[in-house]
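Here's the structure, in structure tokens; my notes come after.
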Amino acid sequence: MNTIKSNLTQLRNRGYIEETDLLIYKKCTKKELIQLLKSKVPVERTVAARLLGNYKDKETMTSLIESLAIEKKLYTKIAITESISLFGEKASQLLVKYLGKIGTNQHKVLPDKPFNKNNYPLPRDIVARTICKIGVPALKQLKKCLHNGEYEQIIEAIDAIGFISYYNSNYDCFNDIIELFVEYKNDDLMMWKLLRALQAFPNEKSIEILREYSNSKVKQLQWESKRSLKQIQRD
């Protein structure tokens, strides 16, 4: 019994809530919920994030995104990202500015082993993950980011574009991805990201590029090229 209580306490400390928690704060105003996002209690921040998903104004959206930038607790982060995603394309306009700027989980160097699962990897960047929840409506802003963003934004935007394109069979960003192969041909980390993204675009040009890089002197580029080829052929 003590073990169960201990586990629940740990979950609560990470922002885990139950539906009964929402009922307690259901009558709070929007202003009160925005204030609750700043609470020192993770559970209260999660409740606020969930309930703010009922509002669709710019103030609420901005407050949620600002909270995401500083939030450390897992379940609270999840609640915030889910509510932000409900704003659709409007949220993506603000979110792209935060790509690569929150947390330290992004790829900074090439990996030391290949990714062997038969799916498209979920981005490690928390903002890219949030944008992926928005889906196709976010592609317009992501495409702009590829051409106008900072390096750290572009490299995470590629992950989000690849993920969204792959799971929605959307090819709107293909030419934009191809353009980056020329611009960043001497950047191994960027090339690795681009080769990963090509699995979302099953066409002759993608296959041609992937076959070329499957013989790269950089082993990580070989891995990713061969994996993307395999994904295209599997699908």
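General remarks:
- Estimated distance in nm for a label pair at Lys90 and Gln222, the labels positioned 7 Å out from Cα along Cα-to-Cβ: 5.1 nm
- Dividing the convex hull volume of the alpha carbon atoms of the stretch 56-190 by its residue count gives 115 Å³ per residue.
- Using only the C-alpha atoms, the convex hull of the stretch 1-107 corresponds to 108 Å³ per residue.
- Among the trypsin sites (Lys or Arg not before Pro) found in the stretch 127-209, those both in a DSSP coil and sparsely packed, with 12 or fewer other Cβ atoms within 10 Å of their Cβ, are Lys185.
- Whole-Hz ³J(HN,Hα) from phi, Karplus 6.51 cos²θ - 1.76 cosθ + 1.60, for the stretch 96-112, glycine and proline x: 4, 5, 9, 4, x, 10, 10, x, 10, 8, 5, 6, 9, 9, 5, x, 9
- With all protein chains in place and a 1.4 Å probe, the accessible surface of the stretch 115-235 carries 45 percent carbon and sulfur.
- Scanning the chain for GluC sites (Glu not before Pro) that sit in a DSSP loop and have at most 15 other Cβ atoms within 10 Å, the longest stretch containing none of them is 19-149.
- In the stretch 130-189, the C-alpha radius of gyration followed by the widest Cα-Cα span (Dmax) gives 11.0, 32 angstrom.
- Angle of helix 151-168 to the longest C-alpha principal axis of the chain, folded into 0 to 90 degrees and rounded to 10: 90°.
- Correct option for Rg/Rh (Cα atoms, Kirkwood Rh) [calculated from the coordinates] among (i) 1.02; (ii) 0.94; (iii) 1.04: (iii)
- Rounded to 10°, Cα long-axis angle of helix 58-68 versus longest principal axis of the chain: 80 degrees
- The lysine pair count for the stretch 59-136, using Cα distances under 24 Å and pairs eight or more places apart or on different chains, is 21.
- Local electrostatic count, Leu94, Cβ distance below 10 Å [Lys/Arg +1, Asp/Glu -1]: +2
- In the chain, the longest principal axis of the Cα atoms and the axis of helix 188-197 are about 80 degrees apart.
- Average Cα contact separation per residue, the chain, under 8 Å, 6 or more apart, as relative contact order %: 14 percent
- Exposed-site-free run, longest, the chain (rule: chymotrypsin sites (Phe, Trp or Tyr not before Pro); DSSP loop; at most 16 other C-beta within 10 Å): 1-114
The values are calculated or read from the model by the stated rules, or taken from the named source; none is laboratory data. Being a predicted model, the structure only gives us computed values, none of them experimental. Neighbour counts are summed over all protein chains in view; Cβ atoms, including those assigned to glycine, are modelled from backbone coordinates with ideal geometry. Calculation scope for accessible area: heavy atoms of the full protein, side chains included, ligands and nucleic acids excluded. Shrake-Rupley method; radii C 1.70, N 1.55, O 1.52, S 1.80 Å.
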